[in-house]
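Data first, discussion second: the structure below is written as structure tokens.
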Amino acid sequence: MSSFYIETYGCQMNTAESDALEALLLGAGMKKAERPQDCDVAIINTCSVRQSAENRIWGRLGSYTPIKRQKKMTLILTGCMAQRLGEDIKKSAPQLDYVVSVNDKMKILEIARAVQKDEKPEYEHSENYDFASSYYREGEFSSFVPIMNGCNNFCSYCIVPYVRGREVSRDVESILNEVRYLDSKNVKEITLLGQNVNSYNYNGIRFPELLKKVASLCSNIQWIRFESPHPKDFSDELIEVIKTEKKVAKHIHVPMQSGSTKILKDMNRRYTAEQYLSLIDRIRKEIPEITFAVDVMVGFPGETEEDFNDTIKALDTVGYIEAYMYYWNPREGTRAVTMDGQLSEKEKQERLQKLIDFQLKKAAGIKEKRAGGIQDVLALSVSRDNSSQMLGRNEHNEMVVFDLIKPVEPGSMTQVEFLYLNGNTYVGRQV
Ligand code: SF4
């Protein structure tokens, strides 16, 4: 029985696809190897969002050369870097056997099967993206549920539309079947995934309606999250579903990228800073207990000190408890690479540091005020520092370390009194 090894880089979508591929290979009777040198088929599922992500893969590819000198092994590269660079990669990495496109990722099973029989794999390339029937990783209590692939937005800094193609929405029944399956597996938390999740549209069924259908199937599942929405596709109907469906987590991630309307225009984000902030206001008016996470990019070409300050002001206005912050990196193949007004690395790093310092202080202030009260918590694991304590997470994705009064299994729900904030984690006690 041959064995496989998968290494995964990049976004949640890549993680979900690797989990689906792993389930397929295990289902075909293959064994999972713990180290690359112990496997017959090695698969690298790559990311291409930044040049640094690809540089890392070139390094990984190099590490397989000595392994392949020692033993017979099939090395497969897939994911966005494979999609972007194609077969040409082999010229610089002759140790590679197969370069598999994003659409053909699940076809790797065919390659593995052929390799097992020492045959040449034959499979037809898919013009369209192939959703797996399940992305569930056995034994997990949180699971990703991809519902879309690709993006039609072409933000000027982003490579995703070029490597993942046009938006494709997954069949509603396939999604609902997966949710039923996950609920039967006692999963507690699911995340609906897509690069532009709220532009989902399958035969006229749009995201708010899908979210309602998913919520109606959740009994063991406590929280439904979704990643990543685009502010321009955030309808009042969606706000209404988040408000009325108890299972939809009242913590949402709304990427902003910049607080400057001028920069948002150059990014081709298709909303103004005012429109973004009024969206946040609308959501908050309807759902007062809601909390927000954000994506913010600084150092975009042409960003002035004033634009940067607009971004800081927006963070101050909204008050996010979670933020993904980074600075712009030129990405070959995107429009922003040739834009005027490029900032130096030093300027970009300084702005990012200022942004991080501001956001961490702001979030700590908000979270301190949120301490107190009893909340539902998903128990994750026994605390590393103290075996009579557990680590858990609440609906707002906030971490808490809590004293136990009775044993709790990881993956089960419990109630915790949030006493105070210690750094970025709450301290609490089970009630
Ligand atoms: S919405 Fe913009 S940033 Fe997000 S994946 Fe699409 S092009 Fe990229």
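The values are calculated or read from the model by the stated rules, or taken from the named source; none is laboratory data. All of these numbers come straight from a predicted model, not from anything done at the bench. Quick reminder, even Gly has a Cβ in these numbers, built from the backbone with ideal geometry, and neighbours come from all protein chains shown. For accessibility, only protein heavy atoms count, side chains too; no ligands or nucleic acids. Shrake-Rupley method; radii C 1.70, N 1.55, O 1.52, S 1.80 Å.
Quickly run through segment 103-130 and pick out the residues that are modelled with pLDDT of 90 or more and either within 16 Å of the ligand (Cβ to nearest atom) or among the hydrophobic types (A, V, I, L, M, F, W, C) (or both). Within segment 103-130, MET106, ILE108, LEU109, ILE111, ALA112, ALA114, TYR129 qualify. Pairs linking a residue in segment 122-135 that is in contact (Cβ under 8 Å) with a residue 12 or more places away in the chain to a residue that is in a loop (DSSP other than H, G, I, E, B) and open to solvent by 100 Å² or more (accessible area, probe 1.4 Å), with Cβ atoms under 8 Å and 6 or more positions apart or on different chains, do not occur. Among the residues examined, GLU289 qualifies as within 30 Å of LYS213 (Cα to Cα), in contact with a Lys or Arg (Cβ under 6 Å, 6 or more places away or on another chain) and not in a strand (DSSP E or B).
On the stretch given as segment 383-395, residues that are assigned to a loop (DSSP other than H, G, I, E, B) and open to solvent by 20 Å² or more (accessible area, probe 1.4 Å) total 6. Beta carbons closer than 6 Å, at least 6 apart along the sequence or on distinct chains, pair a first residue in segment 143-163 that is free of Cβ contacts under 8 Å to residues at least 60 places away in the same chain with a second that is more than 9 Å from the ligand (Cβ to nearest atom) and among the polar types (S, T, N, Q) for MET148/SER169.
One residue stands out among those in segment 329-361 that are more than 23 Å from the chain's Cα centre (by Cα) and not in a helix (DSSP H, G or I): the one that is surrounded by the most Cβ atoms within 10 Å (Cβ to Cβ), which is LEU343.
Name the one entry in LEU24, LEU77, LEU61 that is closer than 21 Å to LEU193 by Cα and not in a loop (DSSP other than H, G, I, E, B).
Of LEU24, LEU77, LEU61, the one residue that is closer than 21 Å to LEU193 by Cα and not in a loop (DSSP other than H, G, I, E, B) is LEU24.
Would a scan of segment 364-372 turn up a residue that is without any contact (Cβ under 8 Å) to a residue 12 or more places away in the chain and charged (D, E, K, R)? There is at least one residue in segment 364-372 that is without any contact (Cβ under 8 Å) to a residue 12 or more places away in the chain and charged (D, E, K, R). If you filter segment 90-108 down to residues that are part of a helix (DSSP H, G or I) and farther than 14 Å from ASN45 by Cα, you find that the one that is most open to solvent (accessible area, probe 1.4 Å) is LYS91. Which members of segment 292-313 meet the condition of being among the β-branched types (Val, Ile, Thr), farther than 30 Å from GLU237 by Cβ and assigned to a helix (DSSP H, G or I)? Result: ILE312, single match.
Among residues of segment 131-154 being at pLDDT 95 or above and among the small types (Gly, Ala, Ser), the one that is surrounded by the fewest Cβ atoms within 10 Å (Cβ to Cβ) is SER142. In segment 314-328, is there at least one residue being outside the structural domain of ARG84 (by TED's automatic domain parsing), assigned to a helix (DSSP H, G or I) and within 15 Å of LEU352 (Cβ to Cβ)? Yes, segment 314-328 contains a residue that is outside the structural domain of ARG84 (by TED's automatic domain parsing), assigned to a helix (DSSP H, G or I) and within 15 Å of LEU352 (Cβ to Cβ).
Against the definition (surrounded by fewer than 19 Cβ atoms within 10 Å (Cβ to Cβ) and free of Cβ contacts under 8 Å to residues at least 12 places away in the same chain), how does LYS243 come out, yes or no? The answer is no for LYS243.
Inside segment 36-49, residues that are touching a strand residue (DSSP E or B) at 6+ places or on another chain (Cβ under 7 Å) and not in a helix (DSSP H, G or I) make up a count of 9. Of all the criteria given as (1) within 16 Å of the ligand (Cβ to nearest atom); (2) among the hydrophobic types (A, V, I, L, M, F, W, C); (3) not in a loop (DSSP other than H, G, I, E, B), the one not satisfied by CYS151 is (3). Please go through segment 100-120 and give me each residue that is of a type outside the set (Val, Ile, Thr) and in contact (Cβ under 8 Å) with a residue 60 or more places away in the chain, ordered by number. ASN103, LYS105, MET106, LEU109, ALA112, ARG113, GLN116 - these are the residues of segment 100-120 that are of a type outside the set (Val, Ile, Thr) and in contact (Cβ under 8 Å) with a residue 60 or more places away in the chain.
The set of residues in segment 314-351 that are of a type in the set (Val, Ile, Thr) and either farther than 18 Å from ALA53 by Cα or touching a strand residue (DSSP E or B) at 6+ places or on another chain (Cβ under 6 Å) (or both) comprises THR317, VAL318, ILE321, THR338.
Quick grid of which residues meet (1) without any contact (Cβ under 8 Å) to a residue 24 or more places away in the chain; (2) farther than 24 Å from GLN342 by Cβ; (3) buried (at least 19 other Cβ atoms within 10 Å of the Cβ):
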| residue | (1), (2), (3) |
| --- | --- |
| LEU264 | yes, no, yes |
| ILE280 | no, yes, yes |
| ILE287 | no, yes, no |
| GLU303 | no, no, yes |
